[in-house]
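Read through the structure below, which is laid out as structure tokens, and then see the notes.
The values are calculated or read from the model by the stated rules, or taken from the named source; none is laboratory data. Owing to the predicted nature of the structure, the values given are computational and were not obtained by experimental measurement. We place every Cβ from the backbone using ideal geometry, glycine too, and count neighbours over all the protein chains shown. Areas reflect the complete protein model, heavy atoms only, side chains present, ligands, DNA and RNA absent. Shrake-Rupley method; radii C 1.70, N 1.55, O 1.52, S 1.80 Å.
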Amino acid sequence: MTITVNGVVHGKTIELDEDPGVAEGQQVQITIKTVPAKRPWGEGLRRCAGALANDWTDEDDRILEEIHQDRKRDTRKEIPE
């Protein structure tokens, strides 16, 4: 049986976030995979956007503004009466 349960390491003890569903006293084999710390939403975008800063042009700004304006346009058709 293989299950995945998250937890937190405290010295030689791992505190699990939920009951693993294993009988008390059952021997288990543990494989540890670290989980990256949670970052605020959008931080990844902000970090990668800086990578383009040296290559960004006025033309890129113009294109993005055109896309933005296009998305704001009402594309619904009027219903004839």
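The table below gives the values:
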item: Residue check for Q69: under 30 Å from M1 (Cα atoms) and either part of a loop (DSSP other than H, G, I, E, B) or free of Cβ contacts under 8 Å to residues at least 24 places away in the same chain (or both); result: no
item: Within the range 31-65, tally of residues that are of a type in the set (K, R), at pLDDT 80 or above and more than 30 Å from T13 (Cα to Cα); result: 1
item: Residue under evaluation K38, criteria (1) closer than 30 Å to L64 by Cα; (2) open to solvent by less than 80 Å² (accessible area, probe 1.4 Å); (3) not hydrophobic (A, V, I, L, M, F, W, C), criterion not met; result: (2)
item: Neighbours by Cβ (under 9 Å, 6+ apart or cross-chain): first from the range 41-52, free of Cβ contacts under 8 Å to residues at least 40 places away in the same chain; second in a helix (DSSP H, G or I); result: L52/D60
item: Residue list for the range 49-60, restricted to those being exposed (fewer than 10 other Cβ atoms within 10 Å of the Cβ) and not in a helix (DSSP H, G or I); result: A53, N54, D55, T57
item: Members of the range 6-48 that are part of a loop (DSSP other than H, G, I, E, B) and touching an Asp or Glu at 6+ places or on another chain (Cβ under 6 Å); result: N6
item: Residue check for V9: touching a strand residue (DSSP E or B) at 6+ places or on another chain (Cβ under 7 Å) and open to solvent by less than 100 Å² (accessible area, probe 1.4 Å); result: no
